[in-house]
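Scroll down for the structure; my scribbles are underneath it.
The values are calculated or read from the model by the stated rules, or taken from the named source; none is laboratory data. Since the model is a prediction, treat every value here as computed from it, not as a measurement. Cβ: placed from backbone, ideal geometry, glycine included. Neighbour counts: every protein chain shown.
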Amino acid sequence: MCVHHRSHPVFFVRKLWGCFNPTAPPRGTQKALERRYVKGRYAVRPVVEAILKHPHLYEGPRMVKSPIVYTAGLLRAAGRGIDTESWTWLCANAGQQLFFPPNVSGWNDERWLDTASYLARWDIAGRVTRPAVLDPAKVQAPFDADKLLDRALEFWGSPHLSSGTRRALRAYSVRALATANTSWKRKSYPALIENSLRHLIAVSPDFQTS
Amino acid sequence: MTNCCNEFSRSSLLRQAVAEAGAGLPAIEPGMPVPAGTGLDRRSMLLRSAGVALAVYGAGALRLPLFEEGVLEAAEAAPNQPVLVSLFLDGGADSLSLLSPVGDPDYRRLRPKLALPDSGLAFTEDPRLRWHPSAAALRTLHLEGKLTVLPTVGYTDADQSHFTSRHYWEVGATNPRLRTGWLGRYLDNAGRPDNPLQGLSLDGELAPPLATARAPVAALRGADQYRFWAPGVWGDVEREMLETIAPLGNARGTADKALAAIGHASTHVARLRSQLSVFNGAQGGNFGSTVTYPTHRSGFPQRLAGLAAMLAAGLPLRCVALRAYGMYDTHSDQPEALSQGLKLTSETLLAFQRDLEARGLADRVLTLVWSEFGRRVEENGSNGTDHGAAGAVFLMGARVQGQMVGELPRLRDGLDKNGNLKASVDYPSVYTSLLEQWFDFDAADAIPNARAYRRLQLVK
């Protein structure tokens, strides 16, 4: 009864499109997606494929990832699967408990971030990186800001970072290395900095938005 | 709790269970009262403006984010409102040890083993009495006129059950069916519908004296919960890393709505971290105080240090409740059991008062120290004392009268038919007097049958 309502294809396409794009689809795109949905006997997959291939997804405005999408993305980039149930409460702390939206209209995708949910995302990033944390007693990381940043990026599969984010991370790396004012610090701090860069990359604007 | 009675252990555990489950209690004795506030709905929130994690009770239909605005408005509306701190000595403290009547010949007769020697710490208002050696800090406060001593406070036909007597004190009436606390009823009438900080328990669970029927109150889950931790990062590197949150969040500018949201959140995170550094031990664990508190694994001194910091930060607190360190149900091995708790509690109270003075808050804060009953005058055969009737109450603050209220009777002929201390002051008299003199509030709206109780001059 629901799918045969005449407004259903419009609603469905807008909702699905909104999961990937922060602005409404162009009118022609909306109509094309509706047709694909109805002609495909209400199959979801073809519509998702079309949205994922649409230039708007890559060239349009960015959107803040939901906690679930953010967490899944980090796990995938780190080569980790769902090996613990902790992601449930971690995502809940970040404001998203699957199947329990705040109201019947679902999640408000414009309100994912505040000081509390930012802390929760920080914790998620830490939980993802923790199993691979570098021990400064066992790992000799290079005393070089650029190399440390590149190594940290490798942990996430060497994604492209915007120039602004890269500049901020490099500036941090330089500052942190400058605090190594004794021989033991010069030996151990690079590994700590590499750990911290992995974490900072994960909470950077590039990773928290898509 | 090796020195306490089974009923004390059970009641403590059951109260804890209530706090955790928010459910009713299994009865452990016929007619046992249900603690005030049992079953109140509890919701967790991070109060961002205060930077503290709270369990909020009685939120009703209000959405938790509305409390942010309520707290801010309350803070702005009454920045210098008086604050009452309720400090509970759990188990029934022995008032004849806190202030020993070494000058009373019957003291040694009734307590041949437990009678304390003359500590040399004279109580200036009654030549018979000496302060317990572990309560020297209280004596300091008393000599400065900042401590009012009420040596025998209680009620007629004292109930010697921990559970029942404590309940009576918590609700402000000898009524086992009352479900709201005496301070909770005050807040229901004089508080706000949107400021849970007005009634704050520092023990992590709802304090029954604060249980309300309508107004929201809260239990602090920790003033140091807003912490950023990264695995494998510490020291200078961690500090630099955390300083990077704001510049990194704003690294891509704010032209895009989503990027602006990241930048906005990052900036606020950095600001909040800075504001909360006073609570999270970043300043040596003393909450920014110039006063040195005792250090103890129980965290009791830190709770009062944190309270002083919260007041200094302008949080709109009105009634605060917490338990003192120590187990005062001293059926056996009383000398050692009492000394441990009393020393830390007394020294922490002195540090708290000094801290309030250093922060310019002393005129705003009054601390009420109480226990559910005193102990029997005659010692038992286990080097301890059993449940008694009247017990000591202390009021601490810069604006207390500083003069003894009531009296300690002669032990030969001043005891009740059961050999317990008679009350020279009814505890509801203390409550009605405080509500009127400290809060300028009509006690009849919070204490049943308030008119029947004698008013005491407690506040200057």
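Here are some notes:
- Filter result for B:P428 (at negative phi and assigned to a loop (DSSP other than H, G, I, E, B)): no
- Candidate set from region A:108-120 (those that are assigned to a loop (DSSP other than H, G, I, E, B) and more than 7 Å from chain B (Cβ to nearest Cβ)); member that is surrounded by the most Cβ atoms within 10 Å (Cβ to Cβ): A:W112
- Annotation: of all residues in region A:180-207 being part of a helix (DSSP H, G or I) and facing chain B (nearest Cβ under 7 Å), the one that is nearest to B:T244 (Cα to Cα) is A:L200.
- Matching residues, region B:257-272, being within 7 Å of chain A (Cβ to nearest Cβ), surrounded by fewer than 22 Cβ atoms within 10 Å (Cβ to Cβ) and modelled with pLDDT under 85: B:H268, B:L272
- Selection count, region A:6-55, where residues are closer than 21 Å to A:W107 by Cβ and under 21 Å from the mean Cα position of the chain (by Cα): 12
- Residue among A:R166, A:R130, A:R151, A:R175 that alone is away from chain B (no Cβ under 11 Å) and either without any contact (Cβ under 8 Å) to a residue 60 or more places away in the chain or in contact with a strand residue (DSSP E or B) (Cβ under 7 Å, 6 or more places away or on another chain) (or both): A:R151
- Of all positions in region B:285-293, at least one carries a residue that is surrounded by 20 or more Cβ atoms within 10 Å (Cβ to Cβ), under 36 Å from the mean Cα position of the chain (by Cα), more than 7 Å from every other protein chain (Cβ to nearest Cβ) and modelled with pLDDT of 90 or more.
- Residue match in region B:291-300 (condition: touching a residue at least 40 places away in the same chain (Cβ under 8 Å) and of a type in the set (G, A, S)): yes
- Filtered residues of region A:45-101 (kept if in contact (Cβ under 8 Å) with a residue 40 or more places away in the chain, under 18 Å from A:C19 (Cβ atoms) and assigned to a helix (DSSP H, G or I)): A:P67, A:V69, A:Y70, A:T71, A:G73
- Residue in region B:201-218 that is at the interface with chain A (Cβ under 7 Å from one of its Cβ atoms), buried (at least 20 other Cβ atoms within 10 Å of the Cβ) and modelled with pLDDT under 90 present: no
- Within the set A:D135, A:D123, the sole residue that is part of a helix (DSSP H, G or I) and within 10 Å of chain B (Cβ to nearest Cβ) turns out to be A:D123.
- Identity of the residue in region B:143-173, modelled with pLDDT under 95 and outside any helix (DSSP H, G or I), that ends up surrounded by the most Cβ atoms within 10 Å (Cβ to Cβ): B:A158
- Breaking point among (1) closer than 22 Å to B:L322 by Cα; (2) touching a Leu at 6+ places or on another chain (Cβ under 9 Å); (3) at pLDDT below 95, for B:P105: (1)
- In region B:93-110, the residue that is farthest from B:W169 (Cα to Cα) out of those that are under 21 Å from the mean Cα position of the chain (by Cα) and not in a loop (DSSP other than H, G, I, E, B) is B:L98.
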